[in-house]
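Report on one structure; see the data block that follows.
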Amino acid sequence: MTSPPTRIPGRRFLHSPGPTPLPEAVLQAMSAQPMDLADPRVDANIAACEQGLKRLLHTKAADVFMYAANGHGVWEAVVENLAAPGEAVLVPGTGHFSESWAVQTEGLGRRVVRTPWREGWPIDADVVEQALRDDKARAIKAVFAVHTDTASSVTSDLAAIRRAIDAAGHPALLVADVVASLGAVPFAMDALRVDVAVGASQKGLMCPPGVGFVAVNAAAFGAAERNTSPRFYWDWVRRKHELSYRKFCGTPPQNLLLGMEAALGLIFGEGLEAVWLRHEQLARAVHAAVEGWREGGTLDFLAQDPASRSRSVTTISAAGIDIEALRSVARERFQVAIAGGLGPQTGRAFRIGHLGDCNPAMILGAIAGVEAALVAQGVNIGGGGTRRAVMSLAGHPLPA
Ligand SMILES: *Cc1c(COP(=O)(O)O)cnc(C)c1O
């Protein structure tokens with residue numbers, strides 16, 4: 001294999017559903033010298049990130065804990081704080097990400113009760129309710145719900161899960177993984193009575209990978225306090241402290257946090273409603289393109305119900321085509337980086353990310369670039385994919 005060229009003319013389009021492209025202002029904010037740990041700017045930056053994340057999560061009551069970690073790190077933080085080894089949690093199936101969280105939880109010696117995932121469909125809240133009713137001993141400590149499963153590109157209804165827990169009269173805490181949805185769609189932690197929200201820097205937040213965070217309400221913090229199983233680095237009780245060195249159990253990832261403060265400033269400067277609307281319009285354009293491509297008979301949405309199709313990422317099932325060759329042609333020849341399928345979709349699907357710092361021209365470039373790669377690979381895609389995306393963004397009705 002020849003090695004890829006070192007210089008690419010123009011700009012390469014990054015359309016993986018995380019990491020996502022970084023705005024210039026975020027890059028600039030990060031290119032600063034680190035500070036000594038007593039510098040008040042360190043504390044001011046951390047406070048700005050905590051306040052901004054609380055505002056983004058729509059919580060007044062919760063404490064935010066940030067980690068120098070990726071999403072898997074904060075998954076582990078949730079497990080370590082909320083359940084002792086041998087105790088159980090419920091993980092409703094949403095696709096590869098719910099399953100990965102379940103496997104990690106079991107790897108930490110906790111028990112996992114799963115509800116099955118129907119490929120392409122969101123969480124069935126009735127099945128969750130029944131699983132909780134069946135837990136007569138009230139052994140399940142928490143429900144770990146993935147809001148948007150980045151592999152299946154299905155978004156589930158968190159309010160319905162909250163209702164299911166209430167209807168079952170079950171004391172389990174509700175933990176929502178909003179890693180892929182935060183900043184793309186509305187999420188209101190307090191109103192939903194989510195006990196713990198889990199996020200990461202590199203998706204809708206337009207930051208580099210490396211910062212994971214949780215927001216923890218009083219009920220969840222109390223559960224962590226009562227959980228006496230040994231833990232240290234991930235411990236919320238230990239991290240609830242004024243000193244930044246204690247908040248991070250060591251040196252904070254300063255430059256990443258400078259980037260996060262800048263990114264949060266961009267989000268609130270644009271306006272959260274405007275950010276959500278932009279994600280909705282861009283997602284509609286991608287969906288319009290897929291509706292065109294699927295007419296060729298090879299490609300289709302993995303997410304079956306249009307209402308649960310994610311505004312962050314679209315998974316396109318493509319059985320019988322060489323996905324890795326398609327990705328390689330898209331990346332190396334047309335300069336559009338897309339993601340492959342994960343878990344059961346490996347080799348059967350590809351994914352287009354449309355979250356974070358993205359605009360109509362970028363999304364049209366990505367769609368047309370993917371379309372060019374599909375054509376180059378001889379995939380039958382019908383005729384109207386990119387055209388439909390243009391119509392969608394122009395606000396014109398799509399052909400039936
Ligand atoms: C990306 C993602 C994760 C994992 O994040 P990493 O930073 O890759 O560890 C967890 N949950 C969801 C929903 C994600 O999209």
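Once neighbouring chains are kept in place and the probe is 1.4 Å, which whole percent of the accessible area of the chain is contributed by carbon and sulfur?
Carbon plus sulfur share of accessible area: 55 percent.
I need the peptides 349-358, 196-205 ranked by packing, meaning the mean over residues of other C-beta atoms within 10 angstrom, with the highest value on top.
Highest-to-lowest ranking by the protection proxy: 196-205, 349-358.
Can you tell which of A83, A32, A48 shows the greatest fluctuation in a Gaussian network model of the chain with Cα springs below 10 Å?
With Cα springs under 10 Å in the chain, the top fluctuation among A83, A32, A48 is at A32.
Using Cα springs under 10 Å in a Gaussian network model of the chain, which residue among R111, R333, R387 shows the largest mean-square fluctuation?
R333
Nothing charged except the Cβ atoms of Lys and Arg (+1) and of Asp and Glu (-1): what's the magnitude of the dipole of region 115-157 about its Cα centre? Round to the nearest 20 debye.
Result for region 115-157 is approximately 260 debye, rounded to the nearest 20.
From the Cα gyration tensor of region 282-400, with a ≥ b ≥ c the square roots of its eigenvalues, which class applies: rounded if a/c is under 1.5, or else prolate if a/b is larger than b/c, or else oblate?
Taking the square roots of the gyration eigenvalues as a ≥ b ≥ c, region 282-400 is rounded.
Highest GNM mean-square fluctuation, the chain, Cα pairs closer than 10 Å: which of V103, V211, V146?
Fluctuation is largest for V103.
At most 13 other Cβ atoms within 10 Å and a DSSP loop assignment: could you name the GluC sites (Glu not before Pro) in region 296-389 that fit?
Sites meeting the loop and neighbour criteria: none at all.
How would you classify the chain from its alpha-carbon gyration tensor, with a ≥ b ≥ c the square roots of the eigenvalues: rounded for a/c under 1.5, else prolate if a/b is greater than b/c, otherwise oblate?
The shape class here is oblate.
By how many degrees, 0 to 90 and rounded to 10, does the Cα axis of helix 40-57 deviate from the longest principal axis of the chain?
It is inclined by approximately 70 degrees.
Excluding S312 itself, calculate the net charge of residues whose Cβ lies under 14 Å from the Cβ of S312, where each Lys or Arg counts +1 and each Asp or Glu counts -1.
+2
Distance between Cα centroids, region 356-400 to region 276-327: provide it in whole Å.
10
Taking the Cβ-Cβ separation of R133 and A274 as r and a Förster radius of 56 Å, what is the calculated FRET efficiency to the nearest 0.05?
The computed FRET efficiency comes out at 0.85.
Please determine, in degrees from 0 to 90 and to the nearest 10, the orientation of helix 158-168 with respect to the longest principal axis defined by the Cα atoms of the chain, where the helix direction is its Cα long axis.
Helix 158-168 sits roughly 40 degrees off the main axis of the chain.
Take the alpha carbon gyration tensor of region 1-157, find the square roots of its eigenvalues, order them as a ≥ b ≥ c, and report rounded if a/c is under 1.5; if not, report prolate when a/b exceeds b/c, else oblate.
Verdict is oblate for region 1-157.
The values are calculated or read from the model by the stated rules, or taken from the named source; none is laboratory data. Keep in mind that this is a model prediction, so the values were computed, not measured. Reconstructed Cβ throughout: ideal geometry from the backbone, glycine too, with neighbour counts over all protein chains shown. Quick note on the areas: whole protein, heavy atoms, side chains included, nothing else; ligands and nucleic acids left out. Shrake-Rupley method; radii C 1.70, N 1.55, O 1.52, S 1.80 Å.
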